[in-house]
Amino acid sequence: MALLRCDFFSDALQLSTSMTVILPQKTYTQIGMAGAGSARELYPTLYLLHGLSDDDTIWSRRTSVERYAASLGLAIVMPNVHRSFYADMEYGGRYWTFLTEELPALARSFFPLSAEREDNFAAGLSMGGYGAMKWALNRPDKLAAAASLSGALDALRMTRNPEPWIKPSLDLVFGGRELEGTEHDVISLLAKVDAADGPKPKLYQWCGTEDFLYADNVAFRDACRRTGLDLTYEEGPGDHSWGYWDEKIQDVLKWLPIR
């Protein structure tokens, strides 16, 4: 695998920003790594999203995701979105536009990445799990699958009764607006996607039973089970920490419907 840090200018954000990118590399003599290229000219791509307090480097710093993906022929794009909840902020940057429109186009202009829906996936942890589900459920025509690890999936609870430590960030992002039924309410989006014509994304969800977001994940799971959407749900002992995410991202990579 090749690990790249890409610094570039975003027109959507009107500032310079960065992404960390992992690209497949077929290797023959590297000790301890089974590097695989791709039989195709354009790589399938996983957009791997960070949590509230992190940045685009965090997945490569806290996990062995580069090693885990080495045999898959999969590119991984990790953007930096700060504390935006992957939204066009009320008081801040247009991070939803950046994520869903500008970033894929720029990444494909820089690297050999496939634009076909069946080759594009999103995953993330905590705020990033929310971002991945939000992207797939708002744009099921663009992503074939999305995965959430310990996701902050109940936006209504989070904004209606915010903890003091997160309220300033939520106010900047959502401006105190009611989110029920909007593009930010991923639980309500489940039924809308199920009822609509068109492709349906495959979904994967894991949360630890000791995680402070466990109840939010149960609410999302139960809402999804009332639809016909394809959800793989797993839970087990665990809290909101990297030891579990390093383990579970391996399950996500095995689950991805890579062609």
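Only the coordinates and a few stated rules stand behind these numbers; no lab work does. What you are looking at is a predicted structure, and each value in this text was computed from that prediction instead of being measured. When we count neighbours, we look across all protein chains shown, and the Cβ atoms used for this are built from the backbone with ideal geometry, even at glycine.
Identification of helices (runs of 4 or more DSSP H) wholly contained in segment 20-121 with 2 or more residues that are closer than 26 Å to LYS248 by Cβ and of a type outside the set (A, V, I, L, M) yields 58-62, 65-68. Among the residues making up segment 213-249, those that are farther than 27 Å from VAL65 by Cα and hydrophobic (A, V, I, L, M, F, W, C) are ALA215, ALA219, ALA223, CYS224, LEU229.
Pairs under 7 Å by beta carbon, first residue among the basic types (Lys, Arg) in segment 96-123, partner not in a helix (DSSP H, G or I), six or more apart or different chains? Once the first residue is among the basic types (Lys, Arg) and sits in segment 96-123, its partners that are not in a helix (DSSP H, G or I) give ARG108/ALA115; ARG117/ASP141; ARG117/LYS142; ARG117/LEU143; ARG117/ALA144; ARG117/PRO199.
If you go through segment 137-150 and keep only what is touching a strand residue (DSSP E or B) at 6+ places or on another chain (Cβ under 7 Å) and either more than 15 Å from ALA115 (Cα to Cα) or not small (Gly, Ala, Ser) (or both), you end up with LYS142, LEU143, ALA146, ALA147, SER148, LEU149, SER150.
Being surrounded by 24 or more Cβ atoms within 10 Å (Cβ to Cβ) and within 21 Å of ALA196 (Cβ to Cβ): is that true of LEU149 here? Against the criterion (surrounded by 24 or more Cβ atoms within 10 Å (Cβ to Cβ) and within 21 Å of ALA196 (Cβ to Cβ)), LEU149 does not qualify.
Would you check which residues across segment 135-182 are in contact (Cβ under 8 Å) with a residue 60 or more places away in the chain, under 20 Å from LEU125 (Cα atoms) and of a type in the set (Lys, Arg) and list them? Within segment 135-182, just ARG157 meets the criteria.
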